[in-house]
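**Student:** Got a structure for you, written out below as structure tokens; questions coming shortly.
The values are calculated or read from the model by the stated rules, or taken from the named source; none is laboratory data. Here the structure is a predicted model, which means the values were calculated and not measured. No Cβ is skipped: glycine too gets one built from the backbone with ideal geometry, and neighbour counts run over all protein chains shown.
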Amino acid sequence: MDILQAYFHELRMTMIALAPSLLLGLLIAGMVHVFLPPGLIRRQLSASNATSAIRAALIGVPMPLCSCGVVPTAMGLRKEGASPGAAASFLISTPQTGVDSILVSAAFLGWPFALFKVVAAFVTGVFGGMLVNRFDNTPKAETGEQYPDPEKGTAKHGEKGHKKGRSIAIVEYALFDLLAVIDVWIVFGVLIAAFIAILAPPDFLATFPWATSPGGMLLVLAISLPLYVCTTGSIPIAAALIAAGMPTGTALVFLMAGPATNVVTVGAVYRILGARVLLIYLVTVIVMSIGFGFGFDFLLGNTSPDQYMEHRYGFLDIGLTWILIGLLTFTIGRRLVLRITKNTSVLQAELTLQVSGMSCNHCVKSVQDALKSENGVDEATAELSSGLVHIQGKIVDARHLTAVVERLGYSVTEVAPRPSTHD
């Protein structure tokens, strides 16, 4: 019973530490999305030089996109004229951080760590982009054909967004485009962080030589590279591991390499930019994450992160915690209800595509939004677990819609039209 009480205490303290910074980060991200001029990103990234790589990293660092969500955006940039180096810089820097994860990092690990991670993401992106510009000979992408815009359909792009107040557009983007994408990861991260805090008391890992040696850093790197890791949701886990005695530099490797790579992202980079760029991409992430991990331990290793367990919280923090719990319950519950109700619409689908490569809710939303933006498509319902995409509409061209999905970086392995109801 004491263990259960201690676990719920850790859950409570972790949520209280998380809520204010996460909610503020989501609000700022929504404001950036609504007020950023459409097309600004693409206009800045066409040149194959260091400037375009720097601009791509500057744009990517504050954007709250996961490693899978960044793929359609980067592919859209590439197809509309961005250089391979700029696309690579954007792919590397964006998933490592964002305005939401910056604030959450500061809340759990202190501002020195949060700012160091921002610099690391920026430098890693620029370095990778410059290497791609130097060694890749891929010709400039054709821009004559219109490609699906991953941002199309959000508040600032659609007609509905202009009719609504900007404040509503900000809230809708923060809730449905951001929090709904990472909600499960947030819950998972908090549950695991509390479990680690109970299982491994302070400095527990420090008693194991492998955990504090370079070998421990390499082990964390090997584990994090193929897995999908949400940067914001994994911060409480990293904080709990640091409290248990893991070197902060090793946690930095986990928070850099994990969000920047996974099996799906690697495949998408290969499809978008080719084998040579993929090699540069992986080497850059591996070498730079290890380098910055050692660098943090050397420069700031003696600084103690501002641990959330030591904080004192007021009524505002507790109130924001309940707001976050309510929002998480709403987004997860809404998705479950939609999944149940959509089962009836599957029977009416004119076309069903088997799509491989969707590994998060942002992937699902990107596919659905791209298909819904096509003329003649009334509804598109994607299932994350099965990879099936059910499409309804007056005019459903299987070949064209397959191409739409593939241009987002996913692959269509099977096309099944609706069975005929006539005898």
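Table: residues versus (1) farther than 27 Å from TYR228 by Cα; (2) modelled with pLDDT of 80 or more; (3) over 22 Å from the mean Cα position of the chain (by Cα).
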{"site": "ARG335", "(1), (2), (3)": "no, yes, no"}
{"site": "GLY357", "(1), (2), (3)": "no, no, no"}
{"site": "GLY387", "(1), (2), (3)": "no, yes, no"}
{"site": "ARG399", "(1), (2), (3)": "yes, yes, yes"}
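**Student:** Here's a follow-up. Which of the residues that make up region 245-259 are over 12 Å from PHE292 (Cβ atoms), part of a helix (DSSP H, G or I) and in contact (Cβ under 8 Å) with a residue 40 or more places away in the chain?
**Tutor:** PRO259, the sole residue that qualifies.
**Student:** Let me ask something else about it. When you look at ASP100, is it more than 27 Å from LEU241 (Cα to Cα) and among the acidic types (Asp, Glu), yes or no?
**Tutor:** Answer is no for this residue.
**Student:** Please tell me if PRO95 is more than 28 Å from GLY409 (Cα to Cα) and either part of a helix (DSSP H, G or I) or within 17 Å of the chain's Cα centre (by Cα) (or both). Walk me through it before giving the result.
**Tutor:** Values: more than 28 Å from GLY409 (Cα to Cα): no; either part of a helix (DSSP H, G or I) or within 17 Å of the chain's Cα centre (by Cα) (or both): yes.
So PRO95 fails the test.
**Student:** Let me ask something additional. Are any residues in region 32-51 more than 17 Å from the chain's Cα centre (by Cα), at pLDDT below 85 and in a helix (DSSP H, G or I), and if so, which ones?
**Tutor:** VAL34, PHE35, LEU40, ILE41, ARG42, ARG43, ALA50 - these are the residues of region 32-51 that are more than 17 Å from the chain's Cα centre (by Cα), at pLDDT below 85 and in a helix (DSSP H, G or I).
**Student:** Kindly list, by first and then second residue, each pair from a residue in region 270-281 that is under 16 Å from SER89 (Cβ atoms) to a residue that is of a type in the set (Lys, Arg), limited to pairs with Cβ atoms under 7 Å and residues at least 6 apart or on different chains.
**Tutor:** Taking only residues 6 or more apart or on different chains, the pairs are ILE272/ARG78.
**Student:** Right, here's the next one. Which one of these is modelled with pLDDT of 85 or more and surrounded by fewer than 24 Cβ atoms within 10 Å (Cβ to Cβ): PHE90, PHE8? Outline the logic, then answer.
**Tutor:** Working: PHE90 fails: surrounded by fewer than 24 Cβ atoms within 10 Å (Cβ to Cβ).
Only one candidate passes the filter, namely PHE8.
**Student:** Taking the condition within 21 Å of ASP100 (Cα to Cα) and buried (at least 16 other Cβ atoms within 10 Å of the Cβ), does VAL220 pass?
**Tutor:** No; evaluated as a whole, the condition is false for this residue.
**Student:** Right, next: Going by what's in this entry, would ALA114 be described as closer than 27 Å to SER21 by Cβ, at pLDDT 90 or above and surrounded by 24 or more Cβ atoms within 10 Å (Cβ to Cβ)?
**Tutor:** Here the answer is no, as ALA114 does not meet what is asked.
**Student:** Name the single residue, out of those in region 180-195 being surrounded by fewer than 20 Cβ atoms within 10 Å (Cβ to Cβ) and either small (Gly, Ala, Ser) or over 17 Å from the mean Cα position of the chain (by Cα) (or both), that is farthest from ILE325 (Cα to Cα). Even if it seems obvious, please write down each step before you answer.
**Tutor:** First, the residues of region 180-195 that are surrounded by fewer than 20 Cβ atoms within 10 Å (Cβ to Cβ): 184-185, 187-188, 191-192, 195.
This time we only want the ones that are either small (Gly, Ala, Ser) or over 17 Å from the mean Cα position of the chain (by Cα) (or both), so: 191-192, 195.
Numbers: LEU191: 13, ILE192: 17, PHE195: 19 Å.
Among those that are surrounded by fewer than 20 Cβ atoms within 10 Å (Cβ to Cβ) and either small (Gly, Ala, Ser) or over 17 Å from the mean Cα position of the chain (by Cα) (or both), it is PHE195.
**Student:** Select from region 18-34 the residues that are crowded, with 24+ Cβ neighbours inside 10 Å and of a type outside the set (Gly, Ala, Ser) and write down the one among them that is nearest to ILE235 (Cα to Cα).
**Tutor:** LEU18
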